[in-house]
Amino acid sequence: MLDLLQQYESEFAAALSGGAAEQHREFLSKIKKKSRISPQLAVEIYRNNTRGARVAALEQIYPACARIVGSSVFRAIAREFVANDKQGSADLNTYGGAFHRHLQHLLSGERLPEEFVYLTDLARVEYSLHQAYYADDDPMFDFNDFEQTINDGIDISFHTSHSLGLIDSGYPLYQIWMNNTSQQGSSRVNALSETQYLVVYRDRFKPCIDAVDHCTYRSLAAITEACSLQQLVERNDCDITRILTCLLYTSPS
């Protein structure tokens with residue numbers, strides 16, 4: 001029974017997203033008509049409601065992008081993304097992760113002005129903040145276990161926070177994001193002469209974003225690549241001994 005329910009849910013989701021015509025007709029044939037509304041019209045009503053909810057979700061996830069291009073333009077972009085999205089999650093809390101690729105497609109096709117070239121990276125930042133909010137809680141760091149492991153001579157590997165997001169960009173994303181999400185209005189944003197490194201994380205229940213130096217960024221990236229503590233110490237692009245205490249998680253979510 002559960003397998004059959006999951007099958008119907010999958011077919012219903014495919015019908016709402018505009019799946020293959022043959023599959024769509026097959027699903028409609030399974031709907032029992034119990035009102036004056038035809039199965040086709042009923043599905044179309046659900047589809048429109050679903051698409052509207054997804055567009056609204058994108059506006060909440062990407063507020064800086066929406067403010068930059070304008071609400072009407074953003075909604076048009078979002079509607080196109082939703083209409084073409086066949087694989088998007090039904091859970092709005094995890095929806096829209098591929099939106100930055102849609103922006104890149106529009107930029108590559110010159111359907112967005114070149115002045116918005118940084119939007120792809122900015123969208124990655126905003127989705128990382130969204131993910132950070134819904135990420136699983138992290139356990140507190142066990143210093144006693146850490147010390148015992150060192151004393152036992154066991155090789156140590158760290159795990160990053162579930163909420164961690166890493167973004168590097170040639171654009172001043174932190175300043176752009178701040179200017180378009182704060183209540184204080186816009187200020188001048190200067191071009192960068194070098195790469196900007198951003199770290200997204202959750203402090204208790206609040207998603208946060210910080211600009212960090214190359215060493216901190218590379219150290220965190222190396223941890224996500226499963227480098228051991230010994231390997232981190234030996235790397236030339238990291239100074240893990242300097243920043244380790246700042247990276248350890250010591251307070252509850």
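So here's what we get for this one:
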item	result
Where region 115-172 is the region considered: accessible area per residue in Å², 1.4 Å probe	58 Å²
Burial order of peptide ranges 156-165, 102-111 (average beta-carbon count within 10 Å, highest first)	156-165, 102-111
Relative packing of peptides 70-83, 204-217 - highest average C-beta neighbours within 10 Å first	70-83, 204-217
Surface/4 of the Cα convex hull for region 106-253, nm²	11.1 nm²
Summed side-chain charge close to S219 - residues other than S219 whose Cβ falls under 12 Å, Lys, Arg +1, Asp, Glu -1	-1
Per-residue ³J(HN,Hα) for region 156-171, Karplus 6.51 cos²θ - 1.76 cosθ + 1.60, θ = phi - 60°, Hz, x for Gly and Pro	10, 10, 9, 10, 7, 4, 4, 8, 5, x, 10, 9, 10, 7, x, 10
Length added when fully stretched, D152-D213, from 0.36 nm per residue minus Cα-Cα	18.7 nm
Cut-off 12 Å between beta-carbons: net charge of the residues surrounding R235, Lys and Arg +1, Asp and Glu -1	-3
Peptides ranked, highest mean first, by Cβ atoms within 10 Å: ranges 117-125, 222-230	117-125, 222-230
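The values are calculated or read from the model by the stated rules, or taken from the named source; none is laboratory data. What you see is a predicted model; the values in this text were computed from it and never measured. With ideal geometry, Cβ positions are generated from the backbone for all residues, glycine too; neighbour counts draw on all protein chains shown. These accessible areas exclude ligands, DNA and RNA; they are computed on the full protein's heavy atoms, side chains included. Shrake-Rupley method; radii C 1.70, N 1.55, O 1.52, S 1.80 Å.
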